[in-house]
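Down below is the structure, laid out as structure tokens.
The values are calculated or read from the model by the stated rules, or taken from the named source; none is laboratory data. As the structure is a computational prediction, the values presented were derived from the model and not from experiment. Because the Cβ atoms are built from the backbone with ideal geometry, glycine has one as well, and the counts that use them run over all protein chains shown. Surface areas here come from the heavy atoms of the whole protein model, side chains and all, with no ligands, DNA or RNA. Shrake-Rupley method; radii C 1.70, N 1.55, O 1.52, S 1.80 Å.
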Amino acid sequence: MDKSISELVDEMTLEEKAGLCSGENFWLTKAVDRLGIPSIMMADGPHGLRKQEADPDHIALSESVPATCFPTAAALACSWDRDLVGRVGSLLGKECQALGVDIILGPGTNIKRSPLCGRNFEYFSEDPFLSSRMASSHVSGVQGEGVGTSLKHFAANNQEYRRLLTDTVIDERTLREIYLASFEPVVRNTKPWTVMCAYNKLNGEFCSEHSRLLSDILRDEWGFEGFVVSDWGAVNERVDALAAGLELEMPACRGDRDKLIVRAVQTGQLDEALLDRAVMRILRIVEKAVSNRKKGASFDSELHHKSARETAADCMVLLKNEDNILPLEDQKTLAVIGGFAAYPRFQGGGSSHVNPSILDIPLDEIRRTAEASGMTVLYEPGYPVDMIRDRYSNRKFESASDIPDRAMIEAACRAAEKADSAVVFAGLPEPYESEGYDRKHISIPPGHLELIRAVAEVQPQTVVVLSNGSPVEMPWLDGVKAVVEAYLGGQGFGGAVSDVLFGRVNPSGKLAETFPRRVQDNPSYLNFPGDRDRVEYREGIFVGYRYYDSAEVEPLFPFGYGLSYTDFSYDSLEADSGELTGEGELILTVKVRNTGEREGKETVQLYIRPVDSPVSRPLQELKGFEKIKLNPDEEGTLVFHLSKRDFAYYDTGRSDWYAPDGTYEICIGSSSRDIRLKRSVELKSLNREKSVYTRNSTVFELSLHPEGKKMLDIAGRKMEEERAISMDLLMTLFKDMPLRSFHMFAGDLINEEKLDSLLETLNKD
């Protein structure tokens with residue numbers, strides 16, 4: 001663009017400005033040719049590029065061009081590897097440059113509130129710390145290639161059921177600590193070009209016209225500088241949305257909604273200055289996109305496929321490995337069973353459905369590796385698989401396995417009996433989970449379930465490989481020797497799972513979400529998906545492991561869990577100080593050693609536990625993680641940096657984050673349930689604001705003030721002498737009592753006059 005943005009806005013007509021705030025078609029923004037303003041292109045992501053090959057004015061039903069299908073976010077998060085996710089983002093950015101896409105729609109960083117959400121495969125984690133770090137790496141990788149991202153879906157889009165109408169009701173503390181916390185660090189630290197608003201309402205207002213969400217929090221608090229784009233079809237009232245801070249409505253509205261904006265300005269309903277502000281925000285991103293285009297850009301599809309395969313292997317989680325059956329060695333005959341081995345489920349359904357440039361078939365990859373070492377491979381599908389064409393791509397594998405096929409299961413068992421071991425491929429067919437609808441249960445299809453049970457009965461050396469986008473029940477778990485959770489591993493899944501099974505890759509994935517034993521154990525169970533068009537998040541901050549660990553509910557597999565073909569020991573948790581004061585930071589180091597016989601990677605997790613707290617808090621919360629690669633007998637040192645915010649909760653009274661002084665435990669573990677090292681640290685004088693004491697302040701709050709503690713000590717000694725009440729019992733009985741009531745029990749130590757004098761003393765500067 002030859003002129004400055006402010007000059008362009010001055011020269012635009014009212015109609016042109018209104019028109020720039022909606023799409024030209026399904027994927028393009030509008031151009032203003034007379035002023036030299038070009039259009040820019042957006043396309044679906046986030047784990048691969050879905051750019052339509054046909055006329056983009058088509059309603060998103062045509063085929064997409066071939067592109068690399070990387071593992072979905074559910075799988076990527078299990079890598080716990082920021083660098084790996086950043087590399088995937090960079091490769092996605094290169095493909096966008098080569099295919100003429102300016103903004104890729106993603107990543108999705110919504111929290112996995114319930115395992116039933118049909119779109120969970122597209123989100124990272126149940127934990128906002130992990131989710132935000134994965135999303136930050138993704139954004140940095142893509143935008144490092146001069147391509148924009150669209151952080152989505154803002155906010156609290158945690159179910160597919162009636163997602164365009166549902167009112168998500170969340171208290172302020174839960175909203176801040178869980179659901180917004182997944183977005184905040186990404187916006188503050190990596191500056192996504194755009195943020196996509198969610199379909200749903202939040203506490204009574206549609207996200208598309210939620211000024212507190214889009215303007216007060218996103219822009220004023222977090223410093224967002226790009227433009228807000230609607231999810232496709234999300235806008236309720238266009239003028240209200242524009243005034244609230246939603247600049248671009250997608251897809252095209254055929255001019256109808258633009259006329260509403262024009263009329264609102266002409267009648268004084270909408271200040272034209274707000275429209276100008278929206279146009280300027282859009283033009284800044286248009287200018288950035290155009291200036292970052294790389295002429296003649298291309299990418300090596302073979303190289304990207306190789307990376308997709310390596311990435312998938314690093315994301316796989318070894319859930320069970322009894323008697324070290326894996327990796328497969330010294331086998332003469334191997335039975336490979338399950339239709340997913342020949343027709344893999346490697347990605348999720350809906351708008352993120354990628355047309356893969358190459359596709360590894362697990363059965364072919366296993367045969368290639370096995371036969372090279374003289375191993376015979378037998379194959380039986382075990383359940384029916386139909387290959388059909390869907391509306392998003394020309395490849396789609398769908399399993400018709402709701403009803404067990406006895407003949408196919410018997411054939412599979414015969415093959416298993418002939419072999420030294422069996423590998424069963426199972427999981428969730430696409431009709432079980434997809435964008436657009438939620439799951440009704442967390443079971444795998446009956447055909448898969450019965451196949452696993454039958455094969456395990458005749459072949460004690462049975463391994464199960466799961467392809468699914470979210471947790472499943474495993475009633476068959478005790479009957480099999482090993483389980484590999486592959487999630488939805490992208491187009492390189494087939495080669496990756498072969499590499500893991502045969503030990504070419506040592507699995508290092510850790511679960512980014514808790515696997516419950518049954519869906520009823522999930523804290524959201526009684527309030528998902530809600531009643532009519534209202535869902536209340538009554539579990540509050542106790543989402544995922546925060547609930548399971550605090551309530552001591554035994555999961556099937558805990559958050560952060562994952563096995564390896566080697567072993568690691570943890571030693572020497574050291575801190576640069578025993579306390580954290582003011583706005584400084586606490587630096588901790590941990591030593592980790594590979595005590596096994598194979599090279600491997602370990603993810604070390606840091607959790608913080610408040611020893612005592614004035615408010616309800618989870619038992620522990622993830623506040624750090626680092627992944628390290630070690631050779632046998634090699635030791636490495638990991639460093640963690642903690643700040644005041646890491647110890648804080650959101651105090652609604654202060655409308656800010658608050659870290660109470662006191663003792664906290666630093667817990668270092670291999671999962672949330674496998675804590676290896678602990679040490680205590682003290683927080684002192686972290687809060688600049690002075691507490692205000694009133695007649696309704698509690699005895700406990702009084703004890704935190706030096707003068708108040710002196711008075712309580714005197715009262716305690718007097719009560720102990722007169723009434724044989726110990727100081728410990730005194731605090732137990734009275735700690736939550738307001739001072740206006742306590743003075744009635746403290747005898748002549750505190751009367752009304754003395755209470756007023758005490759409050760005056762406590763509130764002095």
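Filtering segment 448-472 to residues that are surrounded by 24 or more Cβ atoms within 10 Å (Cβ to Cβ) and touching a Pro at 6+ places or on another chain (Cβ under 6 Å) leaves Ser470, Pro471. Here the helices (runs of 4 or more DSSP H) wholly within segment 51-163 that include at least 3 residues being farther than 30 Å from Gln520 by Cβ and among the charged types (D, E, K, R) are 82-99. If Leu730 passes every condition in (1) touching a helix residue (DSSP H, G or I) at 6+ places or on another chain (Cβ under 7 Å); (2) part of a helix (DSSP H, G or I); (3) modelled with pLDDT of 75 or more; (4) under 30 Å from Ser550 (Cα atoms) but one, which one does it miss? Result: Leu730 fails condition (3) only. Just one of the listed residues (Asp521, Asp499) is touching a residue at least 40 places away in the same chain (Cβ under 8 Å) and surrounded by fewer than 24 Cβ atoms within 10 Å (Cβ to Cβ), and it is Asp499.
Can you tell me which residues in segment 603-638 are open to solvent by 60 Å² or more (accessible area, probe 1.4 Å), of a type in the set (Val, Ile, Thr) and closer than 12 Å to Val592 by Cβ? Passing the criteria: only Thr637.
From the residues in segment 33-45 that are open to solvent by 10 Å² or more (accessible area, probe 1.4 Å) and either in contact (Cβ under 8 Å) with a residue 12 or more places away in the chain or of a type in the set (Val, Ile, Thr) (or both), which one is farthest from His353 (Cα to Cα)?
Once the filter is applied, the top-ranked residue is Leu35.
Going by what's in this entry, would Arg257 be described as open to solvent by 50 Å² or more (accessible area, probe 1.4 Å), outside any loop (DSSP other than H, G, I, E, B) and modelled with pLDDT under 95? When the stated conditions are applied, Arg257 passes them. Scan segment 428-456 and report the pairs whose first residue is within 22 Å of Asp405 (Cα to Cα) and whose second residue is of a type in the set (S, T, N, Q) and modelled with pLDDT under 95, with Cβ atoms within less than 7 Å and a gap of 6+ or a chain change. Taking only residues 6 or more apart or on different chains, the pairs are Pro429/Ser399; Pro429/Ser401; Pro445/Ser399; Pro445/Ser401; Gly447/Ser401; His448/Ser401. Could you tell me whether any residue of segment 635-646 is small (Gly, Ala, Ser) and within 24 Å of the chain's Cα centre (by Cα)? Yes, segment 635-646 has at least one match. On inspection, Leu619 qualifies as at negative phi, touching a residue at least 60 places away in the same chain (Cβ under 8 Å) and assigned to a loop (DSSP other than H, G, I, E, B).
Of the residues Ala252, Ala243, only one is out of contact with any Cys (no Cβ under 9 Å at 6 or more places or on another chain), within 16 Å of Arg281 (Cα to Cα), open to solvent by 20 Å² or more (accessible area, probe 1.4 Å) and among the hydrophobic types (A, V, I, L, M, F, W, C); which?
Ala243
Could you go through segment 480-491 and let me know if any residue there is touching an Asp or Glu at 6+ places or on another chain (Cβ under 9 Å) and of a type in the set (Ser, Thr, Tyr). No, every residue in segment 480-491 fails to be touching an Asp or Glu at 6+ places or on another chain (Cβ under 9 Å) and of a type in the set (Ser, Thr, Tyr).
Residues considered: Gly662, Gly653, Gly669. Of these, the only one that is exposed (fewer than 15 other Cβ atoms within 10 Å of the Cβ) and among the small types (Gly, Ala, Ser) is Gly653. Please work out which residue is nearest to Met250 (Cα to Cα), limiting yourself to segment 198-240 and to residues that are of a type in the set (D, E, K, R) and not in a helix (DSSP H, G or I). Filtering segment 198-240 for residues that are of a type in the set (D, E, K, R) and not in a helix (DSSP H, G or I), the one nearest to Met250 (Cα to Cα) comes out as Asp231. Can you find even one residue in segment 503-519 that is of a type outside the set (Gly, Ala, Ser), farther than 30 Å from Glu599 by Cβ and not in a loop (DSSP other than H, G, I, E, B)? Yes, the conditions are met somewhere in segment 503-519. Mind listing just one residue for me: the one in segment 281-296 that is buried (at least 16 other Cβ atoms within 10 Å of the Cβ) and touching a helix residue (DSSP H, G or I) at 6+ places or on another chain (Cβ under 8 Å) and, of those, nearest to Ile358 (Cα to Cα)? The selected residue is Glu287.
If we scan segment 299-306, do we find a residue that is open to solvent by 60 Å² or more (accessible area, probe 1.4 Å), at pLDDT below 95 and not in a helix (DSSP H, G or I)? There is no residue in segment 299-306 that is open to solvent by 60 Å² or more (accessible area, probe 1.4 Å), at pLDDT below 95 and not in a helix (DSSP H, G or I). The set of residues in segment 589-602 that are under 23 Å from Cys315 (Cβ atoms), in contact with a Leu (Cβ under 8 Å, 6 or more places away or on another chain) and open to solvent by less than 70 Å² (accessible area, probe 1.4 Å) comprises Val592, Asn594, Gly600, Lys601, Glu602.
Taken residue by residue, segment 175-182 has no member that is buried (at least 24 other Cβ atoms within 10 Å of the Cβ), under 28 Å from Arg293 (Cβ atoms), touching a Pro at 6+ places or on another chain (Cβ under 7 Å) and not small (Gly, Ala, Ser).
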